[in-house]
Amino acid sequence: MSIFHRQSRAERFEALAVQHERMLYLLCLRMMGSREDAEDCAQEALLRAYRAFDRFRGEAGAKTWLYRIAYNTCIDALRKRQGTLSLEALWEAGFEPVETGLPQPGEALERRELRRQIEQALQALPPDQRAVMILRDFQQMPYNEIAAVLELNEGTVKSRLNRAREKVKNILISAEQNPSASVQEDEGRQK
Amino acid sequence: MMDCRTFALLLDRPEGEWTAEERQQMEAHAAQCAECGALLAMRREMAAMDAETEVPAAFSSSWREKVYAEEKKMSRQGKLFPWKRAVAAVAAVAVLAIGTTASYLNGWGLQSAGKSADTSGYDGGYGAMNYAAESYDGSPALYSAKSASMTAAGADWDVPAEAAANNTREEKIIRTINMTIKTRQYEADYALIRKLTEENGGRVESLDVSGDGSAGSLRRASFVLRVPSERLDAFIAGAKGVGTVSAYSESSDDVSESYYDMQNRLQTQQVKMQRLTALMEKAEDVSDLIELENAVSETQYWIDYYTGQMNGVNSRVQDSYVNITLRELSSADAAETKTLSLGERIVHAVKASAETAGEVLQAMLIFLVAALPWIAVLAVITLVIRAVVRKRKAKRAAKTPEQGDA
């Protein structure tokens, strides 16, 4: 009786991907810094994963596999963006980092400001350091999983994370000391 | 007293892994050291930012649509099953012959094969649901065991301290359901989902609808529903009667530990606030007052922060997320539905063939009507050419006897 039916490839993929769609979207959101780009990247990543679904054997674990595809998709998109408009140019054009998860009106203004500064500082990091920080400090992923996603060893992950944290800390401290200073200056100083 | 180096080492670990003693020491150090305090605030904010960010419903539905569109594309290009086209051609002929005979012999009407077949066949579909849940989500038994304790979740929404004082530590479990339902009766099942949601005290948080119902653009509705957790099982039971469930997953996230951690920290900050307020009443020195005001502002920030976090958790515990994708089935899809009997599937296959034939005839008719002006022009040109040729022939015929006479 089953010759006419089996669970389709798309249905099997959907059942797998739905477990991770939220975290993949959040990874893309923090990597890209805007909702539209995040939606595009996360969609593209899931489509790429679907096309490669036959080749997925499960050795790496679905989560690691999907995250790796999402990360690579973001890197590709960032490279394309680099060719069109630099981050400095975006800021000069009035670009504001994504405002997702901001506290509701009525909550502490300081907290809202802190989130804005974190978003800006995150976007000022090089993509490889940004990814490590997102996976560890935002998503609380264990080091061995981060290493598997980014195909690095754990030592490299830790050193990148330390550099990222140091930069973000310096940007936030300088923003606190001089609220009018722009992040571009901080980024310039970091370089 | 903890030093900055130890603080940094501990800060490297997720906060959920700290012991109560470590947390106390961390907070004590953060209160003393401005730089470490800022780092702690930053790390907490980073973790909270993701927790409080909602995924757009449009994204959830659009990637699914693209995946299914890709599947169709790959299927058309023969990438998925290269042998399928040849088999399909032979099978179509066989199904057409058998289906026509079967429908005559059994007198099955197409009407009876619709909704009742989808509903009665649910158990077969639910087999796939169990598979998905067990493969990816762990034991389904967990949910029923814990659901009873979830019913009163959120009772301490505004008075978390009271709940702690009473030592009634209810489990805080966030349940999320994802379902894909296929249906032949899209409009009726769409209305049924909305009705079920209302009946169970839930609400539609977002809805994304696409397709116009034609063969090339089947309809699809992606619901993001919020259903009270105490009514979630009743809602799921009701949803079982809607179409055929082709994919199902359920996740259950126990956030009790972090919730009650936050509650304790909130209580600490509330006690601190009371003390600071009492001190402010007694303070006479202006510099003391300024310092106390700063401390009050800082404490109020943490009270707001923890309250916001706890309200967010309570909201998710009290109202579970149910993501339902309702997909309209074509007759060809229905013919492949495992839950239908062989006869019903054959009838659907015949119907699909008839629909395809009808579509082809319609397309031909449309083409003919659209081509009418060109056909008319061509007819006129043909008539003119024919008239000219006839005239010339007649002239030639008239000349030939004249020449003969000469």
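The values are calculated or read from the model by the stated rules, or taken from the named source; none is laboratory data. Predicted model, so just to flag it, every value in this text is computed and none were measured. Counting neighbours? That spans all protein chains shown, and the Cβs are built from the backbone with ideal geometry, glycine included.
General remarks:
- When each of B:S258, B:S320, B:S330, B:S287 is tested for being of a type outside the set (D, E, K, R) and within 13 Å of chain A (Cβ to nearest Cβ), the lone residue that passes is B:S258.
- Filter pass, B:A394 being away from chain A (no Cβ under 12 Å), surrounded by fewer than 16 Cβ atoms within 10 Å (Cβ to Cβ), at pLDDT 80 or above and more than 30 Å from B:M179 (Cα to Cα): yes
- For A:Y67, the requirement of being in contact with a His (Cβ under 9 Å, 6 or more places away or on another chain), not small (G, A, S) and not in a loop (DSSP other than H, G, I, E, B) is met.
- Filtered by the rule that a residue be acidic (D, E) and more than 7 Å from chain B (Cβ to nearest Cβ), the range A:13-42 gives A:E36, A:D37, A:D40.
- Being away from chain A (no Cβ under 14 Å) and either under 25 Å from A:H20 (Cβ atoms) or at pLDDT 85 or above (or both) is a condition met by no residue of the range B:159-170.
- Among the residues of the range B:42-76, those that are within 19 Å of B:E17 (Cα to Cα), over 20 Å from the mean Cα position of the chain (by Cα) and more than 7 Å from every other protein chain (Cβ to nearest Cβ) comprise B:R44, B:A48.
- Residue satisfying condition, being modelled with pLDDT of 90 or more, within 30 Å of B:L329 (Cβ to Cβ) and surrounded by 10 or more Cβ atoms within 10 Å (Cβ to Cβ), within set B:L378, B:L383, B:L365: B:L365
- Subset of the range B:297-320 (residues that are under 15 Å from B:K172 (Cα atoms) and surrounded by fewer than 18 Cβ atoms within 10 Å (Cβ to Cβ)): B:N311, B:G312, B:S315
- Residues in the range B:200-249 that are free of Cβ contacts under 8 Å to residues at least 40 places away in the same chain and over 30 Å from B:E171 (Cβ atoms): B:V209, B:D212, B:S214, B:G216, B:S217.
- Residues satisfying the stated conditions in the range B:199-239, i.e. charged (D, E, K, R) and farther than 22 Å from B:S60 by Cβ: B:E199, B:E230, B:R231, B:D233
- Counting the residues of the range A:151-162 that are buried (at least 20 other Cβ atoms within 10 Å of the Cβ) and closer than 17 Å to A:W65 by Cα gives 0.
- Residues in the range A:27-69 that are more than 30 Å from A:A124 (Cα to Cα) and either in the same structural domain as A:A148 (by TED's automatic domain parsing) or buried (at least 22 other Cβ atoms within 10 Å of the Cβ) (or both): A:Y50 alone.
- Residues located in the range B:192-231, provided they are within 30 Å of B:G358 (Cα to Cα) and part of a loop (DSSP other than H, G, I, E, B): B:G211, B:D212, B:G213, B:A215, B:G216, B:L218, B:R219
- Residue check, B:M310 within 14 Å of chain A (Cβ to nearest Cβ) and in a helix (DSSP H, G or I): yes
- For the range A:16-30, the set of residues classified as touching a residue at least 24 places away in the same chain (Cβ under 8 Å) and not in a helix (DSSP H, G or I) consists of A:Q19, A:H20, listed by residue number.
- Those residues of the range B:241-269 which are under 22 Å from the mean Cα position of the chain (by Cα) and either surrounded by 18 or more Cβ atoms within 10 Å (Cβ to Cβ) or not charged (D, E, K, R) (or both), in sequence order: B:G241, B:V242, B:G243, B:T244, B:V245, B:S246, B:A247, B:Y248, B:S249, B:E250, B:S251, B:S252
- Of all residues in the range B:6-19, those that are surrounded by fewer than 13 Cβ atoms within 10 Å (Cβ to Cβ) and in contact (Cβ under 8 Å) with a residue 24 or more places away in the chain total 1.
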